[in-house]
Amino acid sequence: MTDDTVPDLTSAAARSQRDALAARVDVLDKLGVLRTLPDDMHVTTDMVAEFYEVPKETVFTLVRNNRDEIEADGYQVLTRSAFEETFDTKVPSSASRIALFPRRAVLRVGMLLRDSAVARRVRDMLLDTETSGVPMPTGPELLAHAVLEAQKMLSDRDRQIAQLTEKVAEDAPKVNYVELYVADSDLLKLRTVASANEVGEEWLRDLLLAKGWIYVETESRWSNTKGCMEIRRRYSAYSHKRQYFRPVEVHEAPRFKGEVMHTLKATPAGAEAIARLVNRERVA
């Protein structure tokens, strides 16, 4: 197979090829030691990031952008209590949810992840195996494994739904109190909210943009200080999320498109809502 004909498994158009190779989890064992949870079947985001030698936030972003595909391989998110009960393993109190990747989902990450030398080796081995004629795992053994994995995934999701329903009812009075009684002066920088949720500010801002909570405007202006053109950005909240954010005017800054520049900050209710959003996206 020449370089011109080697398929790019990371491409969105290569979904069917990734699906065809998803059972080749044996490739993972040839590339290093993949730490697993006590069941020897699942790993957390930390473990995936460690295996592929990338920051944890890189895995967060990849999962967010390819959620449907990775969930098809059994990826799921458990509440902290469900995780501790299932695996008899304690996790930090700051982690309200923990993501679980079965080995198929770990392999899928390797097929999608661009900025990882380990992931590139995964793809090379998969493609080499495909062209060398090594048979794919088939038959009753593979079918039995798939059935067991699917049954466990459905059971875990039923338990998760029940726990989330309880959590919503439990948190409702707290959220209402925050929205009604906390002073407007208690505004938070997005950097502070990101730090409190153990994610990067840029990652959080990208998440809010992707989810349609906020939008960004840009303008180019000459900077006398820098002696060059610079790009300025101003972030604002969409109308349906305005209760979560407050634009704080910065009068000392140069005007933005003829208007007073502002910095977008989160209200206390916004910080609570962002934490819930991040918990749906991030993992321990």
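Here, each number is a calculation from the coordinates, and none is a lab measurement. If you're wondering where the values come from, they're calculated on a predicted model, not measured in any experiment. Because the Cβ atoms are built from the backbone with ideal geometry, glycine has one as well, and the counts that use them run over all protein chains shown.
Other residues with beta-carbon under 14 Å from the beta-carbon of Ser116 carry, at +1 per Lys or Arg and -1 per Asp or Glu, a net charge of +1. Applied to the stretch 24-32, the Karplus parametrisation 6.51 cos²θ - 1.76 cosθ + 1.60 on θ = phi - 60° returns per-residue 3J(HN,Hα) values of 7, 5, 4, 4, 4, 5, 7, 10, x Hz, with x for Gly and Pro. Between Glu219 and Val91, the contour length at 0.36 nm per residue exceeds the Cα-Cα span by 41.6 nm. Across the stretch 98-106, rounded Karplus estimates of 3J(HN,Hα) from the backbone phi angles (6.51 cos²θ - 1.76 cosθ + 1.60, θ = phi - 60°) give 10, 8, 10, 10, x, 4, 4, 5, 4 Hz, Gly and Pro being marked x.
Once backbone amide H atoms are built at 1.01 Å from N, Val250 has Met261, His262, Thr263 as its partners under 5 Å, excluding neighbours fewer than 5 places away on the same chain. Between Glu259 and Asp8, the FRET efficiency estimated from the beta carbon spacing at R0 = 45 angstrom works out to 0.55. Phi-derived couplings, Karplus 6.51 cos²θ - 1.76 cosθ + 1.60 at θ = phi - 60°, listed residue by residue for the stretch 201-214: 4, 5, 4, 5, 4, 4, 5, 5, 5, 5, 7, x, 7, 9 Hz, with x used for Gly and Pro. Between amide H atoms placed 1.01 Å from N, distances below 5 Å from Phe245 occur with Thr267, all of them 5 or more places distant or on a separate chain.
Please report the net charge: other residues with Cβ closer than 9 Å to the Cβ of Leu190, K and R +1, D and E -1. Net charge in that neighbourhood comes out at +3. For the stretch 188-281, the equivalent ellipsoid derived from the Cα gyration tensor has semi-axes of 26, 14, 12 Å, listed largest first.
Taking 21 Å as the cut-off for C-alpha to C-alpha distance, list the pairs among Lys211/Lys241; Lys211/Lys257; Lys241/Lys265 that go past it. The answer is Lys211/Lys257.
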